[in-house]
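The structure under discussion appears below in the form of structure tokens.
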Amino acid sequence: MGTTQQWKQQAAERATDFVQSGMVVGLGAGSTAIFAIRRLAELIHSGALRDVLGVPCSLKVEAAARALSFPLTTLDDQPVIDVTIDGADEVSPQLDLIKGGGGALLREKMVAQATRREIIVVDEGKLSDILGTLWPVPIEVLEFGWKAQARFLQSLGGDPVLRRREDGSAVITDQGNVILDTNFGPIADPHALADLLDRRAGIVEHGLFLGMATDLIVAGEAGVRHLQRPGN
């Protein structure tokens, strides 16, 4: 038995077992990844891990890591990352993902692309048979002309909603863009949808992370499981 928060912590701390001294580590955003950051900071300060550098995926994560005295670097200085530990909003059986619930999808995808081993940590409630069943696709767009992007997403069968703060103002990403949370329903062909989104001017990035995760750590009632993408 356990709570969702306990499962998140179990999954995240299991993922830290893959970090070795001397590695550059991508520090993912989200409520699950912060558990991994805290655990890695403990290991660094105890001396169990040495010469580890972190690349944060958002300004919020950067601030949290600095508060823990986690040694940081940048993607410019370290363009190849050994391991990234990150969360996800939804995971398919193929280890494809929907990410971006925390608003850091652009930096998260850039870090994932630079990573040799992308480890995703989730509780079992994030698993689904088909992407789009549990979560809309966050789509980061330029604030300029965002309504034109919303109409485009509607033409693809989506239902886009501008992400807003509690005061009603638009959420602004670290890069100064806005997010359209777009419900497509269960996505039969996520690769085809991603291709259409990739080709649209004004769409900066989308939350379909396809073929990027190498490992999945899932925690739930049955304990902690480690799954790998076939071929890894």
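Each reported figure results from applying straightforward, stated rules to the coordinates on display, with no laboratory input. Just so it is clear, the model here is predicted, and its values are computed rather than measured. Because the Cβ atoms are built from the backbone with ideal geometry, glycine has one as well, and the counts that use them run over all protein chains shown.
For VAL224 paired with ASP76, estimate the spin-label separation in nm (one decimal), with each label point 7 Å from Cα along the Cα-to-Cβ line.
3.6
Note down the net charge around GLN149, summing +1 for each Lys or Arg and -1 for each Asp or Glu among other residues with Cβ under 15 Å from its Cβ.
Taking every Cβ under 15 Å from that of GLN149, the sum is -1.
Counting DSSP beta bridges in the chain, what percent are antiparallel, to the nearest 5?
Numbers: 23 of 42 bridges.
Roughly 55 percent of the beta bridges in the chain run antiparallel, per DSSP.
Extending each Cα 7 Å along its Cβ direction at GLU42 and ASP174, get the distance between those two points in nm, one decimal.
The answer from the label model is 2.5 nm.
Cβ under 11 Å from PRO190's Cβ, PRO190 left aside: what net charge do those residues give with Lys, Arg +1 and Asp, Glu -1? Please report the intermediate quantities before stating the final value.
Values: positive: none; negative: GLU90, ASP96, ASP189, ASP195.
In short, -4.
Under the 0.36 nm per residue contour assumption, what length would be gained going from the current alpha-carbon distance of ILE130 and LEU59 to full extension? Don't jump to the answer; show the numbers that get you there.
Numbers: separation 71, 0.36 × 71 = 25.56 nm, distance 3.11 nm.
The span from ILE130 to LEU59 would gain 22.4 nm if fully extended.
Of the candidates ALA65, ALA104, ALA222, which one comes out as most mobile in a Gaussian network treatment of the chain with C-alpha springs shorter than 10 Å?
Answer for the Gaussian network model of the chain: ALA222.
Working from Cα positions, state the angle (0 to 90°, nearest 10) between the long axis of helix 33-46 and the longest principal axis of the chain.
Helix 33-46 sits at roughly 20 degrees to that axis.
Given a Förster distance of 22 angstrom, what is the FRET efficiency for SER69 paired with SER31, based on the Cβ-Cβ distance and rounded to 0.05? Walk me through the numbers on the way to the answer.
Numbers: r = 21 Å, r/R0 = 0.97.
The value I calculate is 0.55.
Return the whole-Å distance between the Cα centroid of region 84-152 and the Cα centroid of region 162-214.
8
Among residues other than SER128 whose Cβ falls under 11 Å from its Cβ, what is the net charge (Lys/Arg +1, Asp/Glu -1)? Provide the component values of the computation, followed by the final result.
On the way: positive: LYS126; negative: ASP89, GLU90, ASP96, GLU124, ASP129.
Computed value for this residue: -4.
Mind telling me which of GLY30, GLY168, GLY211 comes out most flexible in a GNM of the chain, alpha-carbon contacts under 10 Å?
Among GLY30, GLY168, GLY211, the largest mean-square fluctuation in the Gaussian network model of the chain belongs to GLY168.
With springs only between Cα atoms under 10 Å, which of VAL25, VAL121, VAL61 fluctuates most in a Gaussian network model of the chain?
VAL61
What 222 nm value per residue comes from the helices of the chain, counting each DSSP H run with n ≥ 4 as -39,500 (n - 2.57) and dividing by all residues, nearest 500 deg cm²/dmol?
Numbers: 6 runs with 63 residues, N = 232.
Value at 222 nm, helices only: -8000 deg cm²/dmol.
Just how large is the dipole of region 137-201 about the Cα centre, in debye to the nearest 20, putting +1 at every Lys and Arg Cβ and -1 at every Asp and Glu Cβ? Don't jump to the answer; show the numbers that get you there.
Working: 7 positive and 10 negative charges, 47 e Å.
Here region 137-201 has a charge dipole of around 220 debye.
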